[in-house]
Amino acid sequence: MKILVVDDDPGIRRFFTDMVKSLYPDAVFSSATNGDLGWAMVENAGDKFDLVITGVEMPGIDGIKLTGLIKHHCKETRIILISGTPKQPKHEADLFLAQPVRVADILPMVRRLMETQLAD
């Protein structure tokens, strides 16, 4: 399983990487500090990413545009969009999370999301 975490905040990248790693310790993790770099990594990946976790507001391509680009490039990739505000923007992500988030709440959602991908 390949997982990409995209956010301009290193603490957020680390939090989501550690959280998902607790579910999928054998997964291959990559990270990007902004949407432009994240898109370049998706576009140039030999194997598709199974999961992308991205923030909404970032320099360059924001998370909403990044989500749309990824979904048009590889519909099977599951995307979790995270935001610092509870207002949910229009998006194509598979799951929207407003911060603050609790690991105990998120882990079951991520597991269900990835199980539906594996079943597809």
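The single condition among (1) modelled with pLDDT of 95 or more; (2) under 22 Å from Ile106 (Cα atoms) that Trp39 does not meet is (2).
Filtering region 48-105 to residues that are in contact with a helix residue (DSSP H, G or I) (Cβ under 6 Å, 6 or more places away or on another chain) and of a type in the set (S, T, N, Q) leaves Thr54, Thr77.
When Met19 is tested against (1) touching a residue at least 40 places away in the same chain (Cβ under 8 Å); (2) surrounded by 17 or more Cβ atoms within 10 Å (Cβ to Cβ); (3) in contact with a helix residue (DSSP H, G or I) (Cβ under 7 Å, 6 or more places away or on another chain); (4) assigned to a helix (DSSP H, G or I), only condition (2) is not met. When Met41, Met58 are checked against the criterion of being hydrophobic (A, V, I, L, M, F, W, C), assigned to a loop (DSSP other than H, G, I, E, B) and either touching a residue at least 12 places away in the same chain (Cβ under 8 Å) or out of contact with any Lys or Arg (no Cβ under 8 Å at 6 or more places or on another chain) (or both), Met58 stands alone in meeting it.
Can you pull out the residues in region 65-84 that are touching a residue at least 12 places away in the same chain (Cβ under 8 Å), more than 14 Å from Thr54 (Cα to Cα) and assigned to a loop (DSSP other than H, G, I, E, B)?
Step one: of region 65-84, the residues touching a residue at least 12 places away in the same chain (Cβ under 8 Å) are 65-71, 73-74, 76-84.
If we keep only those that are more than 14 Å from Thr54 (Cα to Cα) too, we end up with 73-74, 76.
Across region 65-84, the qualifying residues are Cys74, Glu76.
When Pro89 is tested against the conditions (1) under 15 Å from the mean Cα position of the chain (by Cα); (2) surrounded by fewer than 20 Cβ atoms within 10 Å (Cβ to Cβ), the lone failure is (1). The set of residues in region 85-118 being at pLDDT 85 or above, over 14 Å from Phe15 (Cβ atoms), in a helix (DSSP H, G or I) and not charged (D, E, K, R) consists of Pro108, Met109, Leu113, Met114. Take the residues of region 38-49 that are out of contact with any Phe, Trp or Tyr (no Cβ under 9 Å at 6 or more places or on another chain) and surrounded by 19 or more Cβ atoms within 10 Å (Cβ to Cβ): which is nearest to Ile70 (Cα to Cα)? Looking at the filtered set, the residue picked out is Trp39. Summed over region 61-83, the residues that are among the charged types (D, E, K, R) and closer than 19 Å to Leu113 by Cα give a count of 4.
The values are calculated or read from the model by the stated rules, or taken from the named source; none is laboratory data. Here the structure is a predicted model, which means the values were calculated and not measured. In this analysis, Cβ positions are derived from the backbone assuming ideal geometry, glycine residues included, and neighbour counts consider all displayed protein chains.
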